[in-house]
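Participant: Here it is, the structure, as structure tokens.
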Amino acid sequence: MGLMQRFTTIVKAKASKALDKAEDPRETLDYSYEKQLEMLQKVRRGVADVATSKKRLELQSTKLEQSVTKLDGQARTAIGQGREDLARVALERKKGIQLQLQSLDQQREQLQGEQDKLVAAEQKLTAKVEAFRSQKETIKAQYTAAEAQVKIGEAVTGVSEEMADVGLAVERAQNKTETMRARAGAIDELIDTGALTDITDGRDSIDRELEQLTVSSGVDDELAALKRELGPGSPPQGEIGTGEAAKEKE
Amino acid sequence: MIVRILGVGQFRLDEVHHAAANAVDERVQAAYDAEDEAAFHAAVEELAALIQRDGTPLPVEEFVGSDAVVPGPDTTLEEAHQLLSPEGLIPG
């Protein structure tokens, strides 16, 4: 005995639960048809949900890729300023983000796979539902009540199983998107707290240090230029300061 | 007999191939019991491939219940657990 028997039992149970037998077997046909249309809606919503989640992952990837470019630039600037320590920090962050990017890529691929499956399920179910719709009218018109009962039993059993199958595919896609959503939320949080260097903020600790370096070296340059301009022998009065302070010194 | 591969569809399978499918199914069960993800993956994939190769797909306008249902070719151990757990019985 293998796993097949257990799967069969589970799916049959799901299929029979999906089916609510009416008094008049002809009503069962209509009821089942309504259920099929509902299931089609459900599959279509599933496809849309997966597409939305995929889009979110793509937006995050773009953001992270921008961070990588930025950190790369920062590392170069830091090396130019002789600050290997800062460059190392930038490169370490870059590596961390690149790892996140790889995992986002894998998740995106998984979601794409689910989306493809759901789209295929939707197409198959659409064809099934259409075939069922035309058959149910034939059954209703051509068979006596007793004959119809048998025919309807078969058709409805078949289609209920189909719906249980599609329902499982939708459930599976939903589980996957929920997991992805949780992960995407965690990455958003990391971006928000600046742990991944939020590029929308535009400034991070590396930026600030580099800026300070630029500022202080700029001040040094200007100071040197001023000294050259005013000459080394300038009297103390020439210094910037209040007259009072200068007088007191004298 | 008629076999449904979850997520794929229904196939008509003759007795000889049914026996072959049962043999692979036993390996699916063994891998499931051993919690061996790689072996489970290989076995469900083989089972689905065998049914698709040796069976005849049921036409869209045919509505019949299946005699057997097998997991889809990319079913993970975790998904199988979920499906076969008592909560798996509640229709989604």
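The values are calculated or read from the model by the stated rules, or taken from the named source; none is laboratory data. For clarity, every value in this text was computed on a predicted model and none was experimentally measured. Positions of Cβ are backbone-derived with ideal geometry, glycine not excepted, and every protein chain shown enters the neighbour counts.
Participant: Is it true that residue A:8 is away from chain B (no Cβ under 14 Å) and in a helix (DSSP H, G or I)?
Facilitator: no
Participant: Please identify the pairs in which a residue from the stretch B:63-74 that is within 7 Å of chain A (Cβ to nearest Cβ) and on the phi < 0 side of the Ramachandran plot has its Cβ atom under 7 Å from the Cβ atom of a residue that is surrounded by fewer than 20 Cβ atoms within 10 Å (Cβ to Cβ) and assigned to a loop (DSSP other than H, G, I, E, B), counting only partners at least 6 apart or on another chain.
Facilitator: B:68/B:1
Participant: From the list A:138, A:144, A:77, A:62, which residue is within 30 Å of residue A:167 (Cβ to Cβ) and out of contact with any strand residue (DSSP E or B) (no Cβ under 7 Å at 6 or more places or on another chain)?
Facilitator: It is A:138.
Participant: Suppose we filter A:184, A:146 for residues that are under 30 Å from residue A:91 (Cα atoms), modelled with pLDDT under 80 and surrounded by fewer than 21 Cβ atoms within 10 Å (Cβ to Cβ); which single one remains? Show your work before the answer.
Facilitator: On the way: A:146 fails: under 30 Å from residue A:91 (Cα atoms).
A:184 is the lone residue from the list that is under 30 Å from residue A:91 (Cα atoms), modelled with pLDDT under 80 and surrounded by fewer than 21 Cβ atoms within 10 Å (Cβ to Cβ).
Participant: Name the residue, out of A:87, A:78, A:48, A:13, that is of a type in the set (A, V, I, L, M) and touching a residue at least 40 places away in the same chain (Cβ under 8 Å).
Facilitator: Going through A:87, A:78, A:48, A:13 in turn, the sole match is A:78.
Participant: Another one. Take the residues of the stretch A:73-88 that are in contact with a helix residue (DSSP H, G or I) (Cβ under 6 Å, 6 or more places away or on another chain) and part of a helix (DSSP H, G or I): which is nearest to residue A:207 (Cα to Cα)?
Facilitator: Filtering first and then ranking leaves A:74.
Participant: Counting only residues that are more than 8 Å from every other protein chain (Cβ to nearest Cβ), among the small types (Gly, Ala, Ser) and either surrounded by fewer than 23 Cβ atoms within 10 Å (Cβ to Cβ) or without any contact (Cβ under 8 Å) to a residue 60 or more places away in the chain (or both), how many does the stretch A:149-174 have?
Facilitator: Of the residues in the stretch A:149-174, 1 are more than 8 Å from every other protein chain (Cβ to nearest Cβ), among the small types (Gly, Ala, Ser) and either surrounded by fewer than 23 Cβ atoms within 10 Å (Cβ to Cβ) or without any contact (Cβ under 8 Å) to a residue 60 or more places away in the chain (or both).
Participant: Something else now. Just wondering, is there one or more residues in the stretch A:20-30 that are within 12 Å of chain B (Cβ to nearest Cβ) and either surrounded by fewer than 20 Cβ atoms within 10 Å (Cβ to Cβ) or in contact with a strand residue (DSSP E or B) (Cβ under 6 Å, 6 or more places away or on another chain) (or both)?
Facilitator: So far as the stretch A:20-30 goes, yes, one or more of its residues are within 12 Å of chain B (Cβ to nearest Cβ) and either surrounded by fewer than 20 Cβ atoms within 10 Å (Cβ to Cβ) or in contact with a strand residue (DSSP E or B) (Cβ under 6 Å, 6 or more places away or on another chain) (or both).
Participant: Then there's this: Within the stretch A:50-69, how many residues turn out to be farther than 18 Å from residue A:96 by Cα and more than 11 Å from the chain's Cα centre (by Cα)?
Facilitator: Number satisfying all stated conditions: 0.
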